[in-house]
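Here, each number is a calculation from the coordinates, and none is a lab measurement. Treat the numbers as computed from the prediction; the structure is a model and nothing was measured. Don't worry about glycine lacking a Cβ; one is built from the backbone with ideal geometry, like all the others, and counts go over all protein chains shown.
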Amino acid sequence: MGKYRSRLQIMADVLAAVSDGARKTHIMYKANLSYKLLNRYLNEVLDAGLARLGDDGWYEITKKGRVFLERCCEYFERNQRLIDHINDVEYKREELESLLSS
């Protein structure tokens, strides 16, 4: 079973999809969302001022959206490093415990 994405990850995926301008269908496929979820998250990024709908019908990211996306990427990278570090510490603990039982 696959890993579920967090709300932040989905919002970042939507913003990444609109970073060069996109229509709804493109965003839906690129962010891997159903039409119902696309509308939900697209409305959230629009309401937050992270993206806007242009006069040509294309969605585009705002300056605030770019800052959000950049900070999200930094957060995800930092979070993954912490997870890796915790897993390494846990592995070392298991190694030590195995030495005790030998």
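Within the chain, what is the number of lysine pairs with alpha carbons under 28 Å apart, leaving out pairs fewer than eight places apart on the same chain? Number of lysine pairs found: 11. Its residue count N fixes a reference of 2.2 N^0.38 Å for the chain, and the Cα radius of gyration divided by that reference is 1.50. Sort out for me the Cα centre separation of region 3-32 from region 34-102, rounded to whole Å. So the two Cα centres are separated by 12 Å.
Hey, in the GNM for the chain with a 10 angstrom Cα cutoff, which one of A31, A17, A48 fluctuates hardest? Sorting by GNM fluctuation, first place goes to A48. Any idea what the relative contact order of region 7-101 is, in percent, if you count C-alpha pairs under 8 Å spaced at least 6 apart? Computed over region 7-101, the figure is 27 percent. On the beta carbon distance between D47 and E95, with R0 = 41 Å, the FRET formula returns roughly 0.25. Does anyone have the angle between helix 7-18 and the longest principal axis of the chain? Alpha-carbon axes, 0 to 90°, nearest 10? On a 0 to 90 degree scale, this one is about 50.
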